[in-house]
Structure formats: C-alpha cells, structure tokens
Amino acid sequence: MKRKLTAAIGIAGMMVSIAACGGGDKSGGSDGGANAKELTVWLTVDAQNNWPELVKAADDAVKKKHPGLKIKHEYYGWPDKNTKLDAVLATDKTPDVVEMGNTEMLGYMVKGAFAPVDAAKFDNADQWLDGLKASVTYEGKTYGVPYYAGGRVANWRKDVAAAAGVKTTPKTYKELTAALDKIQKKQGDKFNAWYQPTRDWYAAMSFVYDAGGSIAKEEGGQWKANLSSPESLKGLNEFKTIVDKYMHGDKTKDESDRYIVYGQGKSAMIFGAAWEGATAADPKNDKTGKLKDNLENFVMPGPSGNNIPVFLGGSDLAVPVKSKAQDLAAEWINAFTGPEGQKGLMGKGNLPNNKADLATLKDDPATAVPATAAESNWFVPMAPGWGQVEKAQTLQTMLQSIGTGKKSVEDAAKEADAAIDKVINTK
C-alpha cells in the first residue's frame, strides 16, 4: 500500500454546521434511509484502479435487494480527499459512504462527523484486527468499518548477508543482531547494516509496545502520556541502540524516502511497510541492479522474544452523520467488506480486516510473512487530542533528539510526555 497515512488534523473549521444537525434525525429519516433512491459512495483511486470489479459486485448485491436504486461513485486521490470532504461536510450534500485512512478517522469522530454504526450487523466484526477495530472506535461507540490493511515487515538483502557469512534468515532478535553485527563489520562504518530513519515513529513505537510500554494510557476517562514509564524507556533505549549501531546515515530524516535509499544499495536491511522492498527493487529505483533476486521479507522479531508488534495502516469506511441513507450505506459497506469482498482484496495483495481471513494467508508462502507479522499489532491512542500530538510531530522530535544525542532517552521522553499531556485530552 504505497501511501502515507496521516491523521486528520485540519478539520477544526470544517464542521460549522455539523453540530447543528445533532438535534435532528440522524438516521436519514424515520426509515433510516432504507427506502432512499440514491446512494453516493466516495472511495480513493485505489479501488478505481485496482479492484473496480469488487465495487461493482457490492453495487450489484445491494441493487438486487433494492430495485431501482442508483449508486453514484466518486474517486479521489489521497492528497485532496479530505479537503473536498471537509468542504462538503458543512453542507447538506454529503456522501453516504466515505473511505478514510485509518489514522484519519479519529479527528472526524471527535468532531461528530460520522454516524455510529452497529458493529454486530457487519460480517466478521467479532474478528476485526485489533488495530483496525481501534481505529473505528471512540468513547465506546463504533463509527466505521475496517476495509483492508497493510502491515510492516523486515526486508533484507540475502546477497549482502551471505557475503558476511550469514546463511539463514533470522528468527529471533538475537540472531538478527548477530547477523547485522557481521554485516556491519564486513561492509564498514559508512554502510547501514540496518537503515532505520531516526524520526520513524512507527518503528520506534513498535519497540515501545514490544517492551510492554505505550504512547499513552487511559485511566478513568482521561489519557496520560506513558513514554517515561520503565517499559517504554526500555523500548526507546533499544531503538537508540539500533540507530547507534547500524544506522550511519542522516539521523534527522524520516522514513519517506527509505525505499529510495534502499534502492541505492546503501543498506542491508529495512523495517517498514510491506511494499517498500519491492518498490526499492523496481528497476527505476534499483541503482545496484541486484535487488530483484536478492531481497527477502521476514517477520521482524522483537527483543521480548515475540514477533514485534507492528503498526497497521489501512482504510476504513464511514457514514457521514448527515447522510440521508444511512441504512443503505451500511448495507453497501457490508456487501463491500464482507467475505467475498475480503477474498477479492486479499487476491489483490491486501491484508484482510479480520483475523479469520488473515489466518488463511499464513498457509501461502507468498503471503505468510505479512500475515504473520500483522497478527501482533498496535494503534495510536484514541484520545480526543491525538491529532494535535501528530500535528506537532512530538514523537518525531523526541526520536530525533534521542538519535542525534541531543538529549538522553529519559529527558527526551519526559519532555515528550509533558507536551502530549498538554493536548491529548483536548477536543
């Protein structure tokens, strides 16, 4: 899934009239909109370009139950989708279904943009992946349905490993670091045995959660930052060890061009989105001419002895609170994300939204690694002010201070906690 999922944080001014609709009928009429004659579905161009047949199948299933129903689709690119959505949510011409990046959901749920849905009415809801379920849940209510997911894996160059005397893929963290030590010694100090951008908070927080820590914890309805806890500090210290030992590039960078750096042959390993290795090996990115036959994905082992928890990116589908066809919208979403839809999405290389289907991918060598990695996952704190934390890049600032040595792990974490606590409970 070659896109960067970012939190929806620019919506403060969009909802001037959303609150006004709170006193009216939110169900789209006395029949919940079940007898509406039109349905408008907004999706991203991923669906339009890669699985239009799945969209049509959902349309056909709903139209069969509701003869005469017209379903209109609009497709948007990720960079401009939310700008258009923000504008239309302040009118009475909202779409009935809208696709959201899972990290975009929170800001809209906090502002009351989406209608709650009954999770029990959706197939496999009791099996939704934990990280995806978290992304559609706010204050105990469900405001969307997970659509599909994309995980994170380790990827390394078998040829570089073999040249250093490493013949097998590491299964444990001890094996991994031993292999990286050999690679680093063989390649020299200017080479990145593991290219791990310091500001990559998705990777850093995987170490935190692996150690039993967290970004923040909820107690009594209030959120409190938790990066200074002993468990979180343990994870952050291990992340710093990795950056110090194996990352010899610019320690002020984020992960946005990691696949490009990997393609330049400056690293033996990366830990990132599952698509990054294959993208680095694309001829237009592979400056070595060697990556295509030498890259291997594997499940990232954690220092805890378990597979490291990974951040799950993905998409959700939500029903705007002003939709006049909320029941029909829910029907369409279920037809699109149900068993047949998930089968089709898996066939396109996506991870499914549920544990049962995910388990089936583990039996196929082509999908076993991302499927296994996704079983252990984490998600951002579903706190009202989380969008402000992301906007301020609090975690990235902390990690850069740690990676560059500007601050100790303890001081940087304490400073980040203080910044998070100022805004995390603010709507």
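The values are calculated or read from the model by the stated rules, or taken from the named source; none is laboratory data. Treat the numbers as computed from the prediction; the structure is a model and nothing was measured. Here Cβ is always computed from backbone atoms with ideal geometry, including for glycine, and neighbour counts include all displayed protein chains. Surface accessibility is based on the protein's heavy atoms, side chains included, excluding ligands, DNA and RNA. Shrake-Rupley method; radii C 1.70, N 1.55, O 1.52, S 1.80 Å.
Quick grid of which residues meet (1) in contact with a helix residue (DSSP H, G or I) (Cβ under 8 Å, 6 or more places away or on another chain); (2) surrounded by 17 or more Cβ atoms within 10 Å (Cβ to Cβ); (3) of a type in the set (A, V, I, L, M); (4) closer than 21 Å to THR169 by Cβ:
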| position | (1), (2), (3), (4) |
| --- | --- |
| SER214 | yes, yes, no, no |
| LYS245 | yes, no, no, yes |
| HIS248 | no, yes, no, no |
| LYS251 | yes, yes, no, no |
| ILE260 | yes, no, yes, no |
| GLY272 | yes, yes, no, yes |
Residue among MET105, MET100 that is under 14 Å from the mean Cα position of the chain (by Cα), in contact (Cβ under 8 Å) with a residue 12 or more places away in the chain and farther than 23 Å from ASP59 by Cα: MET105
Can you confirm whether THR177 is open to solvent by 10 Å² or more (accessible area, probe 1.4 Å) and outside any loop (DSSP other than H, G, I, E, B)? yes
Please note which helices (runs of 4 or more DSSP H) are completely contained in the stretch 57-174 and include at least 3 residues that are more than 20 Å from THR44 (Cβ to Cβ) and either in contact with a helix residue (DSSP H, G or I) (Cβ under 7 Å, 6 or more places away or on another chain) or open to solvent by 20 Å² or more (accessible area, probe 1.4 Å) (or both). 130-135, 158-163
Qualifying positions in the stretch 180-191 - open to solvent by 10 Å² or more (accessible area, probe 1.4 Å) and either closer than 16 Å to ILE242 by Cβ or outside any loop (DSSP other than H, G, I, E, B) (or both): ASP181, LYS182, GLN184, LYS185, LYS186, GLN187, ASP189, PHE191
Flag for ASP411 being open to solvent by less than 70 Å² (accessible area, probe 1.4 Å) and of a type in the set (Asp, Glu): no
Regarding LYS322, is this residue basic (Lys, Arg) and surrounded by fewer than 21 Cβ atoms within 10 Å (Cβ to Cβ)? no
Name the strands (runs of 3 or more DSSP E) wholly within the stretch 200-278 that hold at least 1 residues that are without any contact (Cβ under 8 Å) to a residue 24 or more places away in the chain? 216-219
Which of the helices (runs of 4 or more DSSP H) found entirely inside the stretch 347-427 contain at least 2 residues meeting this: out of contact with any strand residue (DSSP E or B) (no Cβ under 8 Å at 6 or more places or on another chain)? 355-361, 386-391, 394-404, 409-423
Residue count for the stretch 382-409, restricted to those that are closer than 24 Å to TYR195 by Cβ and of a type in the set (Lys, Arg): 2
In this structure, does GLN400 turn out to be in contact with a Ser or Thr (Cβ under 8 Å, 6 or more places away or on another chain), within 27 Å of TRP156 (Cβ to Cβ), of a type outside the set (A, V, I, L, M, F, W, C) and crowded, with 20+ Cβ neighbours inside 10 Å? yes
Filter result (farther than 17 Å from GLY302 by Cβ and either polar (S, T, N, Q) or surrounded by 23 or more Cβ atoms within 10 Å (Cβ to Cβ) (or both)) within the stretch 224-243: ALA225, ASN226, LEU227, SER228, SER229
Pairs returned, first residue in the stretch 393-412 that is closer than 13 Å to PHE239 by Cα, second residue that is modelled with pLDDT of 95 or more and among the hydroxyl-bearing types (Ser, Thr, Tyr), beta-carbon separation under 6 angstrom, 6 or more apart or interchain, are LEU399/THR198; GLN400/THR198; GLN400/THR252; GLY403/THR198
